[in-house]
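The values are calculated or read from the model by the stated rules, or taken from the named source; none is laboratory data. Fair warning: this is a prediction, and the values are worked out from it, not measured in the lab. When we count neighbours, we look across all protein chains shown, and the Cβ atoms used for this are built from the backbone with ideal geometry, even at glycine. Surface areas here come from the heavy atoms of the whole protein model, side chains and all, with no ligands, DNA or RNA. Shrake-Rupley method; radii C 1.70, N 1.55, O 1.52, S 1.80 Å.
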There are 2 protein chains.
Amino acid sequence: MTGRAPAGSASGTTARRRGRPPRTESADTRDRILTAARDEFSERGYEKTSVRGIAKSAGVDSALVHHYFGTKEQVFEAAITQSFGPALQAPRAIEEGPLDGVGERLVRFFFGIWENPATRAPLLAIVRSALTNETAAAVFRRIIATQVLRRIAVQLELPDAELRAELAAAQLVGTAILRYVLRIEPLASADPEQIVARLAPVVQGHLTEP
Amino acid sequence: MTGRAPAGSASGTTARRRGRPPRTESADTRDRILTAARDEFSERGYEKTSVRGIAKSAGVDSALVHHYFGTKEQVFEAAITQSFGPALQAPRAIEEGPLDGVGERLVRFFFGIWENPATRAPLLAIVRSALTNETAAAVFRRIIATQVLRRIAVQLELPDAELRAELAAAQLVGTAILRYVLRIEPLASADPEQIVARLAPVVQGHLTEP
């Protein structure tokens, strides 16, 4: 990733070349801004992060950040969606096999993301922002509701499927907080397989038990 | 609670009357400082709160805050212990009846605290601080480990009792975060009795199932 500024600034009516840089450079710049946004939100939290700071860190003009993403809230939503990329695949873990193994598949999927430091760090940053800022919480809530819980609920085909999915998610999220954020022992050092063995039947029960 | 300053400032060697105000006034001042501390930590979070700010809000000298509690970390620990007063009674919910009803008693106890706005607000503030600051997390971890989990584990008399208590706590904490912090529907508006009915067997299973 290079630090050079994009050739075409796209700040409203003054933009040259119809306001858009060529497609490949555009994708590169967009990625660079998203990475900078994720780092800024991680380090400073939602409230202390500014579009100006994200632009500076990405080596572009603030106007370009607004051009690609809109407001700070929208940059945050795009950064969440990127950071949550792996987590947003959770509904697939349900589709990929028989319903009576869904508990174990979901638990393995969830801890697979959290046990990997590369996917854990951005996830943790976003969760922290969502827990401490109402705007960030609203964005997080919308993404989780529409992209994860609703899709899981559709797979289950039960009338109270969304509540079931949320109580299963609560067990997983709570375990992640005690293990990775608060690091309470012995859970913090427990073998991941032991956690899978304990939680798979609980998640299964939430999702499918009558 | 009055706003007047205490008669005797106890800042080290210059303190009058052997450095301590009379007992009743002392208890009153101590409470006033703790309430101010809780409010400051709630509003500003751990990092942005200062002993000077707590002292100002309580209408006393910073030296008096140090005299009663020590460092900012120690003030935080005292504020947690006070805010968590109700929650620290959780081990009693286990002792108070037969072991096969412990799941329901713990879930009722936990949501009884969270459903009450007066006990929810300070709890939420402390949890947010613990999730976003490492020092605050360490204090929180020590209190939860020594005053809640270890005592529950002793009651259970099982070799892996602490891990069991933590996985049960994870289900409860995760549900509180989805319901009260992120307010994800339908969980956020679900009837407390419905939540008790769903979670009691899960918590019971974590704690006592072979």
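The interface between chain B and chain A buries about 3400 Å² of solvent-accessible area in total (1.4 Å probe, ligands and nucleic acids excluded).
The angle between the Cα long axis of helix A:102-115 and the longest principal axis of the Cα atoms of chain A comes to about 50 degrees, rounded to the nearest 10. Among chain A residues, the one whose Cβ is nearest the axis of the rotation from A to B, given with its distance rounded to whole Å, is A:G174, 1.
Taking every residue in A:133-141 and counting other chain Cβ atoms within 10 Å of its Cβ, the average works out to 2. Taking Cα centre as origin and charging only the Cβ of basic (Lys, Arg, +1) and acidic (Asp, Glu, -1) residues, the dipole magnitude of the protein assembly as shown rounds to 2100 debye. Partner shielding of A:33-39 amounts to 0, given as the average count of beta-carbon atoms from other chains within 10 Å of each residue beta-carbon.
Backbone N atoms of segment A:36-51 closer than 17 Å to the 7 Å Cα→Cβ label point of B:E134 belong to residues A:42-45. Shielding value for A:145-154 is 1, the average number of Cβ atoms from other chains within 10 Å of each residue's Cβ. Here each label is just a point 7 Å from Cα along the line to Cβ, and for B:A145 and A:N116 those points are 3.0 nm apart. Relative to the longest principal axis of the Cα atoms of chain A, the long axis of helix A:23-48 makes an angle of roughly 70 degrees.
Where does the Debye-calculated log10 I(q)/I(0) of the protein assembly as shown sit at q = 0.07, 0.13 Å⁻¹, using only Cα point scatterers of equal weight, no solvent? Taken in order of the listed q values, log10 I(q)/I(0) reads -0.41, -1.14. Relative to the longest principal axis of the C-alpha atoms of chain A, give the angle of the C-alpha long axis of helix A:134-143, reported between 0 and 90° and rounded to the nearest 10°. Once rounded, one gets 70 degrees. When the square roots of the Cα gyration tensor eigenvalues are ordered a ≥ b ≥ c, the ratio a/c for segment B:79-210 is 1.5 or more and a/b does not exceed b/c, which makes its shape oblate. Here the Karplus relation 6.51 cos²θ - 1.76 cosθ + 1.60, evaluated at θ = phi - 60°, turns the backbone of segment A:152-159 into coupling constants of 5, 4, 4, 5, 6, 6, 10, x Hz, with x for every Gly and Pro.
With the charge dipole of segment B:117-198 set up from +1 on Lys and Arg Cβ and -1 on Asp and Glu Cβ about the Cα centre, the Cα lying farthest toward the positive end among the listed residues B:L178, B:P159, B:V196 is that of B:L178. Quick check: from the Cα gyration tensor, does segment B:109-164 come out rounded (a/c under 1.5), prolate or oblate? Taking the square roots of the gyration eigenvalues as a ≥ b ≥ c, segment B:109-164 is oblate. Amide hydrogen proximity for A:E185: with H placed 1.01 Å from N in the peptide plane, no residue at 5 or more positions away or on another chain lies under 5 Å.
The heavy atoms of A:I80 offer some 0 square angstrom of accessible surface to a 1.4 angstrom probe.
Applying 1/(1 + (r/R0)^6) with R0 = 30 Å to the Cβ-Cβ distance of B:V154 and A:L99, what FRET efficiency is obtained, to the nearest 0.05?
It comes out at approximately 0.15.
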